[in-house]
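**Q** Before I ask anything, here is the structure I am working with.
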Amino acid sequence: MTTVDVEFRFEGEPGAAVAAGLANVKDVYGIRRLSVDRAARVVRVEYDATRLNGPTVAGLLKGAGLAIVEEISLIPEQAAEAAQ
């Protein structure tokens, strides 16, 4: 198993329907952890990369009703620049 963390910024305030949808996302095989930071409007998902990929996870979140705006890079800019 290869675990991967991904973060997405969302817009709006998730309501009860979105919370129920996110609870269903947690039950998807391969999703290990899901946390929502409402103040920062960020959702972080840990998933098994042998089962899922980033676009699939984003699709699950969108299907739950979360308005995804962008994926947030978890690699600091300085480290990314040094790698190039």
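The values are calculated or read from the model by the stated rules, or taken from the named source; none is laboratory data. In this text, all values refer to a predicted model and were calculated from it rather than measured experimentally. All Cβ positions, glycine included, derive from the backbone under ideal geometry; neighbour counts span all protein chains shown.
**Q** Going through the stretch 14-54 one residue at a time, which ones are part of a helix (DSSP H, G or I) and either under 10 Å from the mean Cα position of the chain (by Cα) or β-branched (V, I, T) (or both)?
**A** The answer is V18, V25, G54.
**Q** Sticking with this one: Quick one: what pairs do we get from the stretch 23-44, first residue of a type in the set (S, T, Y), second outside any strand (DSSP E or B) and surrounded by 11 or more Cβ atoms within 10 Å (Cβ to Cβ), C-beta under 9 Å, 6+ apart or different chains?
**A** Y29/R51; Y29/L52
**Q** Another one. How many of the residues in the stretch 50-66 are at negative phi and surrounded by 15 or more Cβ atoms within 10 Å (Cβ to Cβ)?
**A** Looking only at that region, the number is 7.
**Q** Output the number of the condition that E46 fails; it satisfies all remaining conditions of (1) surrounded by 14 or more Cβ atoms within 10 Å (Cβ to Cβ); (2) in contact with a helix residue (DSSP H, G or I) (Cβ under 8 Å, 6 or more places away or on another chain); (3) at pLDDT 95 or above.
**A** Condition (2) is where E46 drops out.
**Q** Taking the stretch 1-15 only, how many residues are modelled with pLDDT of 95 or more, surrounded by fewer than 16 Cβ atoms within 10 Å (Cβ to Cβ) and hydrophobic (A, V, I, L, M, F, W, C)?
**A** 0
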